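Q: Quick one: this structure, given as structure tokens, is what I'll be asking you about.
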Amino acid sequence: MSSLYIGVMSGTSLDGVDAVAVDFSDGIQALGHVALPMPEPLKQGLLQLNQAGHNELHLAALAANDLVEVYTAAVQALLAQLDVPAASIAAIGAHGQTVRHQPQWQDRVGYTWQLNNPSLLAERTGIQVVADFRSRDIAAGGQGAPLVPAFHQQVFSQPGQTVAVLNLGGMANISILQGAQVFGFDCGPGNVLLDTWCHAHTGQAFDKEGAWAATGKVSQALLTQLLSEPFFSLMPPKSTGRDLFHAQWLNHHVQAFPGLATADVQATLAALTAQTCANEVLRHAPQARQLLVCGGGAYNLHLMHLLGQCLPGMAVSSTDSRGLPPMQVEAAAFAWLARQTVLHLPGNLPAVTGAKGLRVLGGIYPA
Ligand SMILES: Nc1ncnc2c1ncn2[C@@H]1O[C@H](COP(=O)(O)OP(=O)(O)OP(=O)(O)O)[C@@H](O)[C@H]1O
Ligand SMILES: [Mg+2]
């Protein structure tokens, strides 16, 4: 069977779709990357579906189909870039678009909901698709997230050293790699609050390089209030999403400080993001000397600078320094997870998600 897999990821930032081709024939080698922007009407539709609304089952099904058309375009562009036929790909790992993440619901088994239509993706591409990676872990009592630490370990661990990996996507998650031992969890917002505030007050989808935040002054009072969010002090396993860190959460807190300039709020949100991530690294891996950052947040120079300030004993760099560009890491992880499933190997790490045991994740949709 081919050792070429494609991972397709669209994360909580809703910025777009990343497709990465990975060759597993000799280690793990990323061969190509295509990033397509999320069409604006689809982005708005998906954003709305993060909350309960009228006729949402119908709207969700159609949004999933529209999303798969973008996934298809990304896969086709990747095949063209690599100049390989669909038949050379063993499988596509398609994450889908998370619109709800409630791994526990009160005292009941919860759920996580990634909009997707793997049947349509298999039909459109002629390639076997693996999807719905998170549900089995939740069925086994886990958080269903994060699933990327096992892949981070494969690519970034270094013998005799503790390496921390921070993915700054919409949400932020940390992997702590100590040789064969891996630990990880979601630590809270990555870019989501920064993007939300920036879009509301400048019209831009995100604060490029963090330049706007860098002009503002941190409000210690607002920062203290935001830091009182109970999620930040929870011990792992823990995972989160837009279910908690949404515009209303942010506006509710900011309303208590009516005099604050909008740039000062942005500066405070950057400080919150850096501090909450750094606090978790210090709490769980004080011995780490290296923090590798992936996800789009690695391009936010201001945020990277703040992380460096919060972690004076650590070398903070993007995963580029280890040969895998920040925007390719998560998609490559879903190529790896798809391969695990196809080979009937487990994809979750119980020490990370809290599941009762190792599980083969996802469902397979034949070509
Ligand atoms: N040049 C840049 N400057 C500042 N921020 C950037 C830049 N480029 C990307 N970003 C941020 O990165 C975000 C996208 O990151 P990414 O694609 O990793 O997140 P995601 O899609 O939510 O992924 P996931 O949730 O799966 O980790 C953008 O929304 C933006 O906030
Ligand atoms: Mg993205």
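Q: Carbon-plus-sulfur fraction of the accessible area of the chain, 1.4 Å probe, in percent?
A: It is 55 percent, rounded to a whole number.
Q: So in segment 149-326, what percent of DSSP beta bridges are antiparallel if you round to the nearest 5?
A: On the way: 15 of 24 bridges.
Taking every DSSP beta bridge with both residues in segment 149-326, the antiparallel ones total about 60 percent.
Q: What are the ³J(HN,Hα) values, in whole Hz, obtained from phi via the Karplus relation 6.51 cos²θ - 1.76 cosθ + 1.60 with θ = phi - 60°, for each residue of segment 87-96 in sequence order, with x given for Gly and Pro?
A: For segment 87-96, the Karplus-derived couplings read 5, 7, 9, 5, 6, 9, x, 10, 5, x Hz, x marking Gly and Pro.
Q: On a straight-distance basis, which lysines could pair with Lys217 in a cross-link, Cα separation under 18 angstrom, same-chain partners fewer than 8 positions away excluded?
A: Partners found: Lys208.
Q: What FRET efficiency comes out for Glu40 versus His252 if R0 is 25 angstrom and r is the Cβ-Cβ distance? Round to the nearest 0.05.
A: E between Glu40 and His252, to the nearest 0.05, is 0.40.
Q: May I pose another question? 5 Å is the cut-off here: which amide hydrogens, built 1.01 Å from N in the peptide plane, fall below it relative to Lys238, excluding neighbours closer than 5 in sequence?
A: Under 5 Å from the amide H of Lys238: Asp186.
Q: HN-Hα J couplings of segment 180-197 from phi, Karplus 6.51/-1.76/1.60, θ = phi - 60°, integer Hz, Gly and Pro as x?
A: 7, 8, 10, 9, x, 5, 7, 9, x, x, x, 9, 4, 6, 4, 5, 4, 5
Q: From largest accessible area down, sort Glu280, Glu56; use a 1.4 Å probe on the protein chains.
A: Reading off the accessible areas and sorting them downward yields Glu56, Glu280.
Q: A further question on this structure: Using a Förster distance of 25 angstrom, determine the FRET efficiency expected from the C-beta separation of Arg108 and Val360, and round it to 0.05. Provide the component values of the computation, followed by the final result.
A: Values: r = 24 Å, r/R0 = 0.97.
The pair Arg108/Val360 has a calculated efficiency of 0.55.
Q: Let me ask you something else. Give the lysines whose C-alpha is closer than 19 Å to that of Lys238, dropping any in the same chain fewer than 8 places away, or say none.
A: Excluding near neighbours in sequence, the set is Lys356.
Q: State the dimensionless ratio Rg/Rh of segment 307-367 (Rg: radius of gyration of Cα atoms; Rh: Kirkwood radius).
A: 1.13
Q: Sticking with this one: In nm, what is the difference between 0.36 nm times the number of residues separating Arg322 and His305 and their Cα-Cα distance?
A: Once the chain is fully extended between Arg322 and His305, it gains 4.2 nm.
Q: Return one whole number: the accessible area per residue of the chain in Å², for a 1.4 Å probe. The partial results should precede the final answer.
A: Details: 14910 Å² over 367 residues.
With all protein chains present, the chain gives 41 Å² per residue.
Q: Taking amide hydrogens as modeled 1.01 Å from N in the peptide plane, which residues meet the under 5 Å criterion relative to Gly16, leaving out close sequence neighbours?
A: Answer set, sorted by chain and number: Gly11, Met38.
Q: Quick one: net charge of Leu115's neighbours, Cβ under 12 Å, K/R +1, D/E -1?
A: Net charge in that neighbourhood comes out at -2.
Q: So between Ala261 and Gln76, what do we pick up on full extension, going 0.36 nm a residue minus the alpha carbon distance?
A: Once the chain is fully extended between Ala261 and Gln76, it gains 62.1 nm.
The values are calculated or read from the model by the stated rules, or taken from the named source; none is laboratory data. As the structure is a prediction and not an experimental result, all values here were calculated from the model. Glycine gets a Cβ as well: all are built from the backbone with ideal geometry, and neighbour counts include every protein chain shown. Quick note on the areas: whole protein, heavy atoms, side chains included, nothing else; ligands and nucleic acids left out. Shrake-Rupley method; radii C 1.70, N 1.55, O 1.52, S 1.80 Å.
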